[in-house]
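The values are calculated or read from the model by the stated rules, or taken from the named source; none is laboratory data. These figures come from a predicted structure and were not determined experimentally. Note that each Cβ is placed from the backbone with ideal geometry, even for glycine, and that neighbours are counted across all protein chains shown.
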Amino acid sequence: MPTIPQHEEQELGLVGEAMHRFVTELYPICRSITGNGLRKTLRLIQKEIPLTIHEVPSGTPVFDWTIPNEWNIRDAYIKDGKGRKVVDFQQTSLHVLNYSVPVHTRMSMEELTPHLFSLPDHPEWIPYRTSYYKPSWGFCLSHKQLQELEPGEYEVVVDSTLEPGSLSYGELYIEGESQDEILVSCHSCHPSLCNDNLSGIAVSMYLAKHLLSMKRRYSYRFLFIPGAIGSIAWLAGHEPLIPRIKHGLVVACVGDPGRFTYKKSRRGNAEIDRVVEHVLKHTTEKCEIREFLPYGYDERQYCSPAFDLAVGSLTRTPHGEFPEYHTSADNLDFVKKDSLGESLQMYKTICDTLEANRSYLNQNPKCEPQLGKRGLYRTMGGDSAQPLNELAMLWVLNLSDGKHSLMDIAERAGLYFGVVEAAAKALRSAGLLSHAPEQQRSNLVH
Amino acid sequence: MPTIPQHEEQELGLVGEAMHRFVTELYPICRSITGNGLRKTLRLIQKEIPLTIHEVPSGTPVFDWTIPNEWNIRDAYIKDGKGRKVVDFQQTSLHVLNYSVPVHTRMSMEELTPHLFSLPDHPEWIPYRTSYYKPSWGFCLSHKQLQELEPGEYEVVVDSTLEPGSLSYGELYIEGESQDEILVSCHSCHPSLCNDNLSGIAVSMYLAKHLLSMKRRYSYRFLFIPGAIGSIAWLAGHEPLIPRIKHGLVVACVGDPGRFTYKKSRRGNAEIDRVVEHVLKHTTEKCEIREFLPYGYDERQYCSPAFDLAVGSLTRTPHGEFPEYHTSADNLDFVKKDSLGESLQMYKTICDTLEANRSYLNQNPKCEPQLGKRGLYRTMGGDSAQPLNELAMLWVLNLSDGKHSLMDIAERAGLYFGVVEAAAKALRSAGLLSHAPEQQRSNLVH
Amino acid sequence: MPTIPQHEEQELGLVGEAMHRFVTELYPICRSITGNGLRKTLRLIQKEIPLTIHEVPSGTPVFDWTIPNEWNIRDAYIKDGKGRKVVDFQQTSLHVLNYSVPVHTRMSMEELTPHLFSLPDHPEWIPYRTSYYKPSWGFCLSHKQLQELEPGEYEVVVDSTLEPGSLSYGELYIEGESQDEILVSCHSCHPSLCNDNLSGIAVSMYLAKHLLSMKRRYSYRFLFIPGAIGSIAWLAGHEPLIPRIKHGLVVACVGDPGRFTYKKSRRGNAEIDRVVEHVLKHTTEKCEIREFLPYGYDERQYCSPAFDLAVGSLTRTPHGEFPEYHTSADNLDFVKKDSLGESLQMYKTICDTLEANRSYLNQNPKCEPQLGKRGLYRTMGGDSAQPLNELAMLWVLNLSDGKHSLMDIAERAGLYFGVVEAAAKALRSAGLLSHAPEQQRSNLVH
């Protein structure tokens, strides 16, 4: 396992704390796939990185879909016969069925019951429910709360609006040497849920900060979007740009302490798939690699058959596989600053690896070059059968025929990419390697 | 495991009984690769399905072979010195070396011995022996019988003829929408052996009955032929038709209670190979898949290098791997009506799967279509991470790019073909899928 | 396991003894990458086989390298204050740092120490050290010897010369029916080390003797060269010949009793790789197959990216993996006559297999030919499910479509190549096979 220098580890600790503070700031906001909660979230991100906020008007057709009316909510509660608020949206944004139509009425417990959602298996937790495309209203509450409700008449108020407006999303394009892009996409439409959405926002934002500070070969595009309809809207509006996307990752559920899980792109053997698998296997004790599945976050849209983009998703515990998922228990305690820090570090390493993964041409391809006269080789023979890092140099020389990327070489040699990259750097400095023309690069298919 | 509805199971039980009765009817007949026993068998099949009986004259050259003289036998026995029949062909057709030349003579026990065949390891069983291409005569008897024979003179009679005539075979062509054919071939040349030949005849005949009763995409060709020389004769006489055969199965040994065994075609990854493997793995507890071997039944001829047809063989316990094989113990007790019924069901499921295995084109290939507005999706979000059968729909949509058949999709999704087929049906009804042009279909090679 | 007939085993024993005697004769000579020790070695080989000895002048550029000055040594010793020789080159050629520059001086123990090399972990053994490309001098001695040296002044003499001369190598070209070549290369530059260099020389020489005595399809080229610089010099001088090399093996470390180890060529699936793996797995109890590594003996040069020759290396225990490696313990006791004999036998079998590995065309590709009428088949049917060697014939017939070599057939059939070769021979004699045109031969890539 490559180890992180101590000063970097300290810095990472500070960044982990900063990410957790940002999550804390966003936590109370009632986000949805449209509306002011989402807009406010994007503006808070905009304070940190130069995000552009786009608005797509309600009614805009986006492929098979239509941008829905904008939803906004001021308040919502249930009052019992004695005028006590037994469920109160002001306490947590989860209490209201997301996208509830407005309602103000009185009804019996019996009439109210079909509009109440709870989790009998986790009686302390409040579930998260939505109804974006079927007009409905409802309240989510803990099962304990539900069981305390007595028969009688209740006043029910959802002070919401569902009116023409727009869908908001944030975009940050960081120009690199090449127009070839790496896409980083996170959903930003969930209300008070920390791992599922806020962790992804925080890690993406700090990854963008990092990339903004350095010279980069690739261009990067960050999208902070409402799930599904947001990526559909972006893709529908940017078809000419889509071929530029060479690699991409959907960021979500990166704040819990679970092990890293990578879900491959539809292609299954794209460079991004191989790079993430390689980096995970060489830098973490435990990780899991999964095949593509047409279910999950926005990779579903990026990997639809007409686009088939090389976009995978790197999470820690995947959605739906931790009990706190889509409940009030996905809270500020559930996401850890260390986990956020580690996740950011992993994304940085993946970007560094993509940046460095080039193909080279051995300038002395006939027999080995004489490394000794260039100071790249031990000078006394016979003393060891251990080639040490010379082996990485020999692998790079042997396979730098324009058909193998450094990742191809690392995989064949069974070495960590960083070791091979360092060898290539030394050989380039000695004039023994040149860049391979891009068209000769391996397509990285095994 | 998909389960069979109860009414179908009852029907299958009845069909199993009917097949066993048909086996019982054919059992006593002395079949061979030519002659009246074979002809009588074909006529009994003809009573059930509209079989055409063909006759290929003796002496006809068929590739490297020549149709032999026709063999017919009326009687055969060995009488001891006291005139008692110690071996009697009337008791079982196995008693005579199949294709024995006529003989009527007296000889000592010593002279007779080289003409007698028994099984010391199974002293109660009579072996089955043939000598089609080397003129010879002989008797098969139980080892117990052999040991009871005393020294002395014996009268030996084989009342057979070996004269110019013809080789008979039965053929049933069932026309479908397409000229593309599925071949179903079974050998019908063994005398009183139940699993080895009669079970295959019965299952093929009932499969033909079933196919005759329904509209089919493929055409089907059923061959009831003597082993080796029969398939050679058919292939030699029908070269222009051979390219129409897209898939095929050789049916044999399908009446014992052993587990299903599929032997792949020479190609090894033909559609038939993948379909049978998939169906077996999803519908039986235990099964075995074997690679092609140029030894066995008529798949040897169909898979010879100039034809290389996509023909495999689906049996239960393979030939030579049950002790009763080629002995009198392969009798009416050895084949079970339930086994015959299950085998027929398996062949039906395979044909259904081949019929349904098409490629489709997603009509909304850019992002996912909105399933909810078409009534194909749950309407409330957030309540479950379990996509249930929606997942099959998402897989079909994701991979229906004209390059994947439904079987490709089922295999990648890890779902049973029937589940994927049902999803495709629902999506087609909603206008979300169209047939892919045939030339774009996957060649089904992994 | 195929067994070796007794008379061949006896002959092999005699040849093993002869090889060990030859190793014994070469043992005392102080070889290096240039000089009279190497030259004398080649002349001794020349007495046995018609070797051509080539001289490449010092200063000749060979790709990225230059032929160094020639090194010769007459004597070397260290004398203590009492005039006693405490280290004496006359006792073993290992005592001097190979390629030591001349020196004649007196110095204190303290000054001398950095020039002394020993092995603390093996206090009885003398290490082997070289300094070909960095001018230096030194002595190698046992650690025990080193510890007995007392403080005081020592006289140090290396009576060597490093002057323009030439690099010598031996070459034997054995012409075959085809210009396609099999390369057999062994390094011959190590001083008194038996397994590491002398075993390879002996086995190569006796393999050449064997090949000279028989008619061969391939041409063979044997190289007896100094390691690295020798193969680089040969390749630099013979570029037009390189494409003729179809297969090759680097011979080294073939005298110890360890198990056979094959290191694949860079291609990884070349015919030589498949043949050696097949032969090892079918003829030895234990063996190891390793992937290519750009470290080792001269395969590093043959497999450099511009040449990428199908050259692997067959050793017993690989270099650096036996403790005696590069020490005085790699001596005449360490190499065994039986091991040398077995190694020679393995190389012979590999050459025989390459020679026999052709593709054929089935002359009756439509259905099986009638083997019985050609005496190639048992005549009575029904008596066995065991096809015995008929199965090899059926495999050869089934796959002899011009796309499969006999090795392809052996691997698919799971049979030893020799069995398949015998079947092909029988079928050819019966007129059932013809040679496939060379251009139709499989490229042997899986």
- Task: Any chance you could count how many residues in the stretch A:245-258 are part of a loop (DSSP other than H, G, I, E, B) and either free of Cβ contacts under 8 Å to residues at least 12 places away in the same chain or among the small types (Gly, Ala, Ser) (or both)?
- Result: 3
- Message: For the structure I just gave you, tell me whether A:Val157 is among the hydrophobic types (A, V, I, L, M, F, W, C) and part of a strand (DSSP E or B).
- Response: yes
- In the set A:Arg43, A:Arg74, A:Arg21, the lone residue that is at pLDDT 95 or above, part of a strand (DSSP E or B) and more than 14 Å from chain B (Cβ to nearest Cβ) is A:Arg74
- Query: Does B:Leu391 satisfy the criteria of being of a type outside the set (D, E, K, R) and either modelled with pLDDT of 90 or more or in contact with a strand residue (DSSP E or B) (Cβ under 7 Å, 6 or more places away or on another chain) (or both)?
  - Reply: yes
- Task: Scan the stretch B:24-40 residue by residue and report those that are within 14 Å of chain C (Cβ to nearest Cβ) and among the β-branched types (Val, Ile, Thr).
- Result: B:Ile33
- Could you say which residue among A:Glu181, A:Glu163, A:Glu177 is under 23 Å from A:Arg43 (Cβ atoms), surrounded by fewer than 24 Cβ atoms within 10 Å (Cβ to Cβ) and touching a Phe, Trp or Tyr at 6+ places or on another chain (Cβ under 9 Å)? A:Glu163
- Query: Which residues, taken from the stretch B:332-363, are under 30 Å from B:Pro120 (Cβ atoms) and either buried (at least 19 other Cβ atoms within 10 Å of the Cβ) or of a type in the set (Lys, Arg) (or both)?
  - Reply: B:Phe334, B:Val335, B:Lys336, B:Ser339
- Message: Return the residues of the stretch C:295-315 that are surrounded by fewer than 24 Cβ atoms within 10 Å (Cβ to Cβ) and under 24 Å from C:Leu193 (Cα atoms); say none if nothing qualifies.
- Response: C:Tyr295, C:Gly296
- Query: Among C:Ile53, C:Ile67, C:Ile45, C:Ile49, which is the only one that is within 30 Å of A:Asn364 (Cα to Cα) and within 19 Å of the chain's Cα centre (by Cα)?
  - Reply: C:Ile53
- All positions within the stretch B:124-150 that are within 14 Å of another protein chain (Cβ to nearest Cβ), in contact with a Lys or Arg (Cβ under 8 Å, 6 or more places away or on another chain) and part of a loop (DSSP other than H, G, I, E, B): B:Tyr133, B:Gly138
- If you take the residues in the stretch B:103-123 that are touching a Leu at 6+ places or on another chain (Cβ under 8 Å) and part of a strand (DSSP E or B), which one is nearest to B:His326 (Cα to Cα)? B:Phe117
- Of the listed residues (B:Ile242, B:Ile225), the one being within 14 Å of chain C (Cβ to nearest Cβ), crowded, with 24+ Cβ neighbours inside 10 Å and not acidic (Asp, Glu) is B:Ile225
- How about the stretch B:96-110: which of its residues are in contact with a Ser or Thr (Cβ under 9 Å, 6 or more places away or on another chain) and either surrounded by 23 or more Cβ atoms within 10 Å (Cβ to Cβ) or more than 18 Å from B:His190 (Cα to Cα) (or both)? B:Val96, B:Leu97, B:Asn98, B:Tyr99, B:Ser100, B:Pro102, B:Val103
- Task: Please state which of the following conditions B:Asp308 fails to meet, knowing it meets all the rest: (1) within 14 Å of chain C (Cβ to nearest Cβ); (2) touching a helix residue (DSSP H, G or I) at 6+ places or on another chain (Cβ under 7 Å).
- Result: (2)
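Yes/no per residue for (1) within 14 Å of the chain's Cα centre (by Cα); (2) more than 9 Å from chain A (Cβ to nearest Cβ); (3) modelled with pLDDT under 95; (4) closer than 23 Å to C:Arg129 by Cβ:
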{"residue": "C:Val251", "(1), (2), (3), (4)": "yes, yes, no, no"}
{"residue": "C:Tyr262", "(1), (2), (3), (4)": "yes, yes, no, no"}
{"residue": "C:Glu285", "(1), (2), (3), (4)": "no, yes, yes, no"}
{"residue": "C:Gln301", "(1), (2), (3), (4)": "no, no, no, yes"}
{"residue": "C:Glu321", "(1), (2), (3), (4)": "no, no, no, yes"}
- Among (1) touching a helix residue (DSSP H, G or I) at 6+ places or on another chain (Cβ under 8 Å); (2) free of Cβ contacts under 8 Å to residues at least 60 places away in the same chain, A:Thr261 falls short only on (1)
- May I ask you to list pairs of residues, at least six apart or on different chains, whose Cβ atoms are under 7 Å apart, with the first in the stretch B:354-379 being within 9 Å of another protein chain (Cβ to nearest Cβ) and the second being aromatic (Phe, Trp, Tyr) and not in a strand (DSSP E or B)? B:Asn364/A:Phe63; B:Lys366/A:Phe63; B:Lys366/A:Phe307; B:Cys367/A:Phe63; B:Gly372/A:Tyr133; B:Thr379/A:Tyr133
